[in-house]
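Please read the structure below before turning to the comments.
Any read-out appearing in this document is the output of simple, stated calculations on the displayed coordinates, not a laboratory observation. Fair warning: this is a prediction, and the values are worked out from it, not measured in the lab. Here the Cβ positions follow ideal geometry from the backbone for every residue, glycine too, while neighbour counts run over all protein chains shown.
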Amino acid sequence: MVDFERARAQMVENQLRSGGVTNAPILARMRAIKRENFVAPERRDLAYIDDIQWLGDRFMAAPVTLGKLLKLAEISPTDTVLDIGAATGYSTAIIAGLAAAVTGLEPDAGLAATASANLAALGLDNASVIAGGIERLGKARFDVIMVQGALDSVPDAFTAALADGGRLVALIRTGAVSVAHVFVRSGGQVTARAEFNAVLPPLFAPQRDEEFVF
């Protein structure tokens with residue numbers, strides 16, 4: 001029987017802190033949210049390994065990758081956030097404790113329903129999940145957009161959903177390497193800066209070359 005409380009504490013100390021995530025609100029939030037409730041049922045005992053969790057053809061980022069992307073986003077308590085690729089809602093639940101409001105966007109309708117149920121079970125009244133693509137959001141604008149998957153380039157629709165002064169955090173692929181970027185909208189211009197290398201499968205049509213079954 002896995003001691004999930006201990007595993008969660010070890011994740012914070014051994015993965016997040018040692019990986020350079022020292023932001024107290026992020027650490028506290030990831031210490032509080034039960035990751036084991038968001039992974040595939042057969043992988044609950046492996047919820048806290050330092051790796052991606054697959055959910056069919058969708059996935060959850062490894063804890064340290066998510067933590068570093070959250071740190072890069074610099075989410076404030078007054079921000080509204082869009083979480084693209086919400087999967088079962090883990091990242092959305094984490095963000096809900098850092099922001100004023102968060103909307104998860106998940107193209108898989110089944111996972112979106114699971115995410116909604118997970119958020120409801122936590123009593124998060126500032127978080128919701130929408131099934132579908134970004135066109136479902138109409139003219140909504142966000143202070144922060146988090147992309148839970150690697151991109152070859154950022155679609156115009158993503159940056160168009162940024163409020164003035166807003167920032168988008170995403171991994172951009174260059175060959176076999178993905179680099180975390182921050183894109184900042186100022187008026188009609190969007191500027192970008194590269195920060196660090198990281199690993200996530202593609203946001204669109206991810207494919208697994210190998211999968212280990214435990």
**Request:** Run down Thr92, Thr103, Thr159 and say which single residue is under 13 Å from the mean Cα position of the chain (by Cα), hydroxyl-bearing (Ser, Thr, Tyr), farther than 23 Å from Leu16 by Cα and crowded, with 16+ Cβ neighbours inside 10 Å.
**Result:** Thr103
**Asked** What do you reckon, is Asp79 within 11 Å of the chain's Cα centre (by Cα) and acidic (Asp, Glu)?
**Response** no
**Asked** Would it be correct to say that Thr114 is in contact with a Leu (Cβ under 7 Å, 6 or more places away or on another chain) and among the hydroxyl-bearing types (Ser, Thr, Tyr)?
**Response** no
**Request:** Look through Val64, Val39, Val21 and report the one residue that is closer than 23 Å to Pro201 by Cα, crowded, with 16+ Cβ neighbours inside 10 Å and touching a strand residue (DSSP E or B) at 6+ places or on another chain (Cβ under 6 Å).
**Result:** Val39
